[in-house]
Amino acid sequence: MSILRSKFFAVPALLPVLLLSQLQQDTQGEQGGISNQQLNEQSILAVNWVQQSGEYRALTYQAFNLAQLNFDKAKSKRIAHPAIIVDIDETVLDNSPYQAGLVDSNNIFQPATWNQWIKEEKAKAIPGAVEFINYVNKKGGKVFFISNRDEKSVKTSKNNDLKIATINNLKAVGFTGVDEQTVLLKGEFTKKIDGQENTSKQWRVDAVKNGSADGKRYTVIALIGDNLNDFDETVGKSNQQRRTSVDNYRNSYGMFNITKGIVKPAYIAIPNPMYGNWETGMYNPQAFKKQSPFEMTPTQKNQQRKESLTRWLPKE
Ligand SMILES: [Mg+2]
């Protein structure tokens, strides 16, 4: 029996104090463990790579140049109403300042601060995104922005404040074709499944294809995103499953395919080393009797991040 437990039984009056200290340990790091602030230190290289390296820009230009090749090919093949679907965050808008703001703080990603960042409309464009999207819109294609940003910060409100701010931000950095119908956020075109509202991106992709987005039926020739879930939400949670899925669909990466007249869209990936489902894909919360990675402490995350490494060590 742990010291903590035996204290519980001996002095029941201490219970609230002990529960509070347990809570503080979970948010600030267990004894001998690390805090969120210390865990955030691990993001410094990734955020600097996005903000400072030429290599990051080289990869985003490469991705949008490849997307343009796909669009030109679709035009030359006379594909009717070609559409491109782009994710927003870390695909066409750069939120690295939000990530950088977590460094030297004990904070983690939280909807309240994230919504505040969105409402300031300060995100810059990802290199190459404006030129590519405006090219498509000018040359007879259509771009839809499908993102899991929420439409509004207050669920019960009629004010779509986050959608308005997102549209403003996209327009301010120079994107054309940005409006209520082309920006489709979480909460739009949802489906009831087993009585539950399902907000999958798939229903919004379907809306683009079946004419319910803006009245026209489009052929989606490319999906561009920084997260495998932007291409296919059934990709799985663990990185093992996710790697296998990428291997299975390797022919879709970077080029669309036409089989018996059906277009299978190109999947075009933008690098994001700062966050994503790849991070939670590393964790096994059950090892700590937790239901989800979001319940794990910084120490537990740090431990599993280290355990994930494939290492070589020099001989002593
Ligand atoms: Mg994204």
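Where a number appears in this text, it was derived from the coordinates with a stated rule and is not lab data. In this text the structure is predicted, and so the values were computed from the model without any measurement. Every residue, glycine among them, receives a Cβ derived from its backbone with ideal geometry; neighbour counts consider all protein chains shown.
When the Debye formula is applied to the Cα atoms of the stretch 72-152, each taken as the same point scatterer, what base-10 log of I(q)/I(0) results at q = 0.11, 0.22 Å⁻¹? Calculated log10 I(q)/I(0) at the listed q: -0.41, -1.06. Net charge of the neighbourhood of Trp278, taken over other residues with C-beta under 14 Å away and scored Lys/Arg +1, Asp/Glu -1, is +1. Note on Lys75: lysines with a C-alpha under 27 Å away, same-chain residues under 8 apart excluded, are Lys138, Lys139, Lys142, Lys171, Lys201, Lys209, Lys216, Lys260, Lys264. Taking the empirical scaling 2.2 N^0.38 Å for compact globular proteins as reference, the stretch 149-217 has a Cα radius of gyration ratio of 1.19.
The alpha-carbon atoms of the stretch 24-141 define a convex hull whose volume equals 133 cubic angstrom per residue.
In plain terms, the residue of Arg242, Arg250, Arg204, Arg78 with the fewest other Cβ atoms within 10 Å comes first and the most crowded comes last, giving Arg78, Arg250, Arg242, Arg204. GNM remark for the chain: springs join alpha carbons under 10 Å apart, and the peak mean-square fluctuation among Thr113, Thr280, Thr60 falls on Thr113.
With the simple spin-label model, which puts each label point 7 Å out from Cα in the Cβ direction, the Lys119 to Asn159 separation comes to 0.7 nm.
The Stokes-Einstein estimate for the chain, based on a Kirkwood radius over Cα pairs and taken at 37 °C with 0.692 mPa s viscosity, is a diffusion coefficient of 150 µm²/s.
In the chain, Cα pairs under 8 Å separated by at least six residues give a relative contact order of 20 percent. Helix-only arithmetic for the chain: the sum of -39500 (n - 2.57) across DSSP H runs with n ≥ 4, divided by the residue total, places the mean residue ellipticity at 222 nm at -12000 deg cm²/dmol. Only one residue of Ile167, Gln42, Gly101 has its Cα farthest out toward the positive end of the dipole of the stretch 39-279, where Lys and Arg carry +1 and Asp and Glu -1 on Cβ, and that residue is Ile167.
Going by Cα centres, the stretch 204-263 and the stretch 146-162 are how many Å apart? With the stretch 204-263 and the stretch 146-162 each reduced to a Cα centre, they are spaced 25 Å. Normalised by residue count, the stretch 233-277 yields a Cα convex hull volume of 85 Å³ per residue.
Applying the criteria of a DSSP loop state and at most 10 other Cβ atoms within 10 Å to the chymotrypsin sites (Phe, Trp or Tyr not before Pro) of the stretch 213-316 yields Trp312. For the stretch 266-316, trypsin sites (Lys or Arg not before Pro) meeting the loop criterion (DSSP other than H, G, I, E, B) and having at most 13 other Cβ atoms within 10 Å: Lys289, Arg311, Lys315. The residue list Tyr61, Ser292, Ala80 was ranked by how far each Cα lies along the charge dipole of the chain toward its positive end, using unit charges on Cβ atoms, and Ala80 comes out on top. Across the stretch 177-316, the mean sequence separation of Cα contacts (distance under 8 Å, 6 or more residues apart), normalised by length, yields a relative contact order of 16 percent. Put in order of Cβ neighbour count within 10 Å, fewest first, the listed residues Val208, Val263 become Val263, Val208. With the largest listed first and rounded to whole Å, the semi-axes of the equivalent ellipsoid of the stretch 155-289 from the Cα gyration tensor are 26, 22, 17. For the stretch 39-279, a simple Cβ point-charge model (Lys and Arg +1, Asp and Glu -1, everything else neutral) yields a dipole of about 1140 debye relative to the Cα centre.
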